[in-house]
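As structure tokens, the structure follows; a few thoughts come after it.
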Amino acid sequence: MVTGSNYLLESNGVKILIDCGLHQGGSFCEKHNWEPFPYKPKDITAIFVTHAHIDHTGKLPKLIKDGFQGTVYSTSPTRDAAELLLLDADHILAEAAERFKKPLLFNPEDVKRLMEHWKGVEYHEPVVVGPFVVSFYNAGHILGSSFIVIEAEGKRVVFSGDLGNTPAPIIGNKEFLDHADYCLIESTYGDRFHEDLPERKEILEDLIEDTVISKGTLMIPAFAMERTQELLYEINDLTEHGRIPKIPMYLDSPLAIKLTDIYRRYERYFSRESQLGIRSANELFNFPGLIKTITTDESKKINDVPPPKVIIAGSGMSHGGRILHHERRYLSDPHSTLLIVGYQSVGSLGRELLDGAKEVRIFGETVPVRCRLKAVGGYSAHADQRQLIEWAMPMRMNLRKMFVVQGEETASRTLARIMVDDLAIDARIPGQGEEVVL
């Protein structure tokens, strides 16, 4: 599966975790998130977090609740963004608990206690925990994202986390590693290829122009972190160069607005090109025609504005958030367009739409799907097959074994086969709960 990243590493009796994420599929939160941890949280000395997304951080507050007393390490942007994402998840998790007839997975107080244990570190700054020496490298996925290199017992193990679709417009290129004994590599897009950056911007430009001509609404379900900021970055560029007409553009996501403030706080994590190309992040994310809607009333008023208009809203897989209200209103409109710009997990509403559903259920209503649907893989924050292979290539001569993880079955099998056949890497797909001695 893609979501629920969680790995336990043990050496000389010391146990550490890499990520502790929420399982997400047909809904924001799956029922088996309430199952007990397969280890004792109080026995864990430290946790190393690759990035802020909920499928890598979402069970950290529960870990605290269940007895973890160690230290959590990540880059500082990851720490700050994770706090916002976890607090934002509170009401959705409460709804899931009620639906599954389970206790609350965690509450805001648990998040507060978690942050007291959480320490921000810099890229390449070694952290020593018992026999482990741990370093973070730029994964190019979202702001502050990392792949993690762990050295112990004379062995070097790398956990890819989520690798970025680079060069990303804001944060630039991911780093590469030339030596590792063992590697766990994600495979979300292990069987697919993305459009390149210029092509994706041209598609966005064409869709906005088509929206004006058809007098429709362009809906973009977007993850609040990175995807939204990249869209703003590119719309800003298209606007500044006069390539698109001036129409109302709404950022209808309080979380994305708050997360954008974190981007302003950490401009030093931007790529050199981004830093040279802007005077400040305030300008980057605040261009003429952009309307940010914080309150529910402001969101509702979008309905009063006649098309053409563009609406960017969460959630990215359409399994919650304000985008559902807009989809209920405009999916049936043949003049409107739904632009999918990220991964859609099996069982999510976004996946139903991507797979060509003719009607869907939203808030208990049956909504016919008559709008145009366009999927642009180039906006994914995940590396595609080509980039995954390129990232693995420098390590291939030293790798004793590669574990292909975090992907649907077809994607994982395809990538593993290529690693074996084309790169001569001993690669395989581990099972859930499997234990391996390195």
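Most simply put, the chain has about 40% antiparallel DSSP beta bridges, counting only bridges with both residues inside it. Shown here is the pair-distance distribution of region 59-180: with all Cα-Cα distances grouped in 5 Å bins from zero up to the longest one, the shares run 2, 10, 17, 18, 18, 15, 11, 7, 3, 0 percent. Looking at the P(r) of region 1-54, how many percent of alpha-carbon pairs lie beyond 18 Å? Percentage above 18 Å: 37. Across region 352-369, computed HN-Hα scalar couplings (Karplus, 6.51 cos²θ - 1.76 cosθ + 1.60, θ = phi - 60°) run 4, 5, 4, 7, x, 4, 8, 8, 9, 9, 9, 6, x, 9, 8, 10, x, 9 Hz from first to last residue, x flagging Gly and Pro. Here the simple spin-label model places points 7 Å from the Cα toward Cβ, and for residue 241 and residue 12 these points are separated by 5.5 nm.
Each residue in 20, 371 was given a count of other beta-carbon atoms within 10 angstrom of its own, and listing them fewest first yields 371, 20. Applying 0.36 nm per residue to the separation of residue 428 and residue 386 and subtracting their alpha-carbon distance, the gain on full extension is 13.3 nm. With the simple spin-label model, which puts each label point 7 Å out from Cα in the Cβ direction, the residue 420 to residue 66 separation comes to 3.3 nm. In the chain, taking the dipole from charged Cβ atoms about the Cα centre, the farthest positive-side position among 367, 115, 53 is held by 367. Taken along the Cα-to-beta-carbon direction at a fixed 7 Å, the label points for residue 357 and residue 265 span 3.6 nm. Each Lys and Arg contributes +1 and each Asp and Glu -1, all at the Cβ; summed about the Cα centre of the chain, the dipole is approximately 720 debye. Sorted on the mean count of surrounding Cβ atoms within 10 Å across their residues, most packed first, peptides 91-99, 357-365, 414-422 read 414-422, 91-99, 357-365.
Three principal axis extents of region 334-438 based on alpha-carbon atoms, in descending order, are 54, 29, 19 Å. Each Cα pair under 8 Å and six or more residues apart adds its separation to the average, and for region 108-218 the resulting relative contact order is 16 percent.
Using a cut-off of 31 Å between Cα atoms, the listed pairs 119/258; 62/301; 62/201; 246/374; 59/374 include 62/301; 62/201; 59/374 as exceeding that distance. Rounded to the nearest Hz, the phi-derived 3J(HN,Hα) couplings of region 388-398 under the Karplus curve 6.51 cos²θ - 1.76 cosθ + 1.60 (θ = phi - 60°) are 5, 5, 4, 5, 6, 3, x, 8, 4, 6, 9, where x marks glycine and proline. Does a label point 7 Å from the Cα of residue 175, set along Cα-to-beta-carbon, have any residues of region 125-169 with amide nitrogen under 11 Å, and which are they? Zone members listed by number: 125-126, 135-140, 146-149. Dipole magnitude for region 221-273: about 140 debye, using +1 per Lys or Arg Cβ and -1 per Asp or Glu Cβ, origin at the Cα centre. Looking at the square roots a ≥ b ≥ c of the eigenvalues of the Cα gyration tensor of region 33-115, which shape do they give, rounded for a/c under 1.5, prolate if a/b is larger than b/c, or oblate? Cα axes put region 33-115 in the oblate bin. Assign one of three labels to region 202-243, namely rounded, prolate or oblate, based on the Cα gyration tensor with a ≥ b ≥ c the square roots of its eigenvalues; rounded applies when a/c is under 1.5, prolate when it is not and a/b is larger than b/c, and oblate otherwise. The shape class here is oblate. Using the empirical formula 2.2 N^0.38 Å as the baseline, the Cα radius of gyration of the chain reaches a ratio of 0.96. Stretching residue 215 away from residue 193 to a fully extended chain increases their span by 4.7 nm, per 0.36 nm per residue minus the current alpha-carbon distance. When peptides 296-306, 35-45 are sorted by average Cβ neighbour count within 10 Å, with the highest value leading, the order is 35-45, 296-306. The Kirkwood radius of region 197-379, taken over pairs of alpha-carbon atoms, gives through the Stokes-Einstein law at 20 °C and 1.002 mPa s a diffusion coefficient of 129 µm² s⁻¹.
By other beta-carbon atoms within 10 Å, ranking 2, 121 with the fewest at the front produces 121, 2.
Once you sort the root eigenvalues of the Cα gyration tensor of region 119-163 as a ≥ b ≥ c, which label holds: rounded (a/c under 1.5), prolate (a/b larger than b/c) or oblate (the other case)? Oblate. In region 197-379, a dipole from Cβ-located charges (positive for Lys and Arg, negative for Asp and Glu) runs towards its positive end, and of 253, 204, 216 it is 253 whose Cα lies farthest in that direction.
Among 1, 393, a tally of other beta-carbon atoms within 10 Å of each Cβ gives an order, fewest to most, of 393, 1.
Just so you know, all these numbers are worked out from the coordinates, no wet-lab data involved. For clarity, every value in this text was computed on a predicted model and none was experimentally measured. Here the Cβ is made from the backbone with ideal geometry for all residues, glycine too, and neighbour counts use every protein chain on show.
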